[in-house]
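> This is the structure, below, for whatever I ask next.
The values are calculated or read from the model by the stated rules, or taken from the named source; none is laboratory data. In this text the structure is predicted, and so the values were computed from the model without any measurement. As a convention, Cβ positions derive from the backbone with ideal geometry for all residues, glycine included, and neighbour counts pool all protein chains shown. For the accessible areas, the whole protein counts, side chains as well, though only heavy atoms, and no ligand, DNA or RNA atoms are used. Shrake-Rupley method; radii C 1.70, N 1.55, O 1.52, S 1.80 Å.
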Amino acid sequence: MTEVEQQILRSLLDLEKAVASMPTAQPKPDLLALFARVDELTSQLPRGTDPSLLHYLHKKSYEKARLFLQGRESDNAPGNCHGHV
């Protein structure tokens, strides 16, 4: 896994944690900043990055991207996009 991919995974885990905390968090976490961070890191991925990962990130399928980066691609349920999970 590249350094950028590691940073994306950390950011996705931070986002997941922030979303889970929403019902009780005071103040509410800034989700827009977390989304922006993932987008920024996605733009830094090098050529040759796995097309499935790019697809998940561009389609904002963050749970699928997280599972992919964690080596759990087989846990991804089929989606509506032709040829992608």
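> Kindly indicate whether THR2 is at pLDDT below 95 and of a type in the set (S, T, N, Q). Lay out the reasoning, then the answer.
Values: at pLDDT below 95: yes; of a type in the set (S, T, N, Q): yes.
It is true that THR2 is at pLDDT below 95 and of a type in the set (S, T, N, Q).
> Regarding the range 4-23, can at least one residue be identified that is free of Cβ contacts under 8 Å to residues at least 40 places away in the same chain, in a loop (DSSP other than H, G, I, E, B) and exposed (fewer than 12 other Cβ atoms within 10 Å of the Cβ)?
Within the range 4-23 (the criterion being free of Cβ contacts under 8 Å to residues at least 40 places away in the same chain, in a loop (DSSP other than H, G, I, E, B) and exposed (fewer than 12 other Cβ atoms within 10 Å of the Cβ)), the answer is yes, since at least one residue qualifies.
> Does the range 29-37 contain any residue that is of a type in the set (D, E, K, R) and modelled with pLDDT of 95 or more? Walk me through it before giving the result.
Taking the range 29-37 as the starting set, the residues that turn out to be of a type in the set (D, E, K, R) are 30, 37.
Now drop any that are not modelled with pLDDT of 95 or more, which leaves 37.
Scanning the range 29-37, I find at least one residue that is of a type in the set (D, E, K, R) and modelled with pLDDT of 95 or more, so the answer is yes.
> Quickly run through the range 25-75 and pick out the residues that are touching a residue at least 12 places away in the same chain (Cβ under 8 Å), out of contact with any helix residue (DSSP H, G or I) (no Cβ under 7 Å at 6 or more places or on another chain), assigned to a helix (DSSP H, G or I) and open to solvent by less than 60 Å² (accessible area, probe 1.4 Å).
Hits for the range 25-75 are LEU54, HIS55.
> Kindly establish whether GLU40 is charged (D, E, K, R) and touching a Ser or Thr at 6+ places or on another chain (Cβ under 8 Å). Talk me through it step by step, then tell me what you get.
Details: charged (D, E, K, R): yes; touching a Ser or Thr at 6+ places or on another chain (Cβ under 8 Å): no.
Taking the combined requirement at face value, the residue does not satisfy it.
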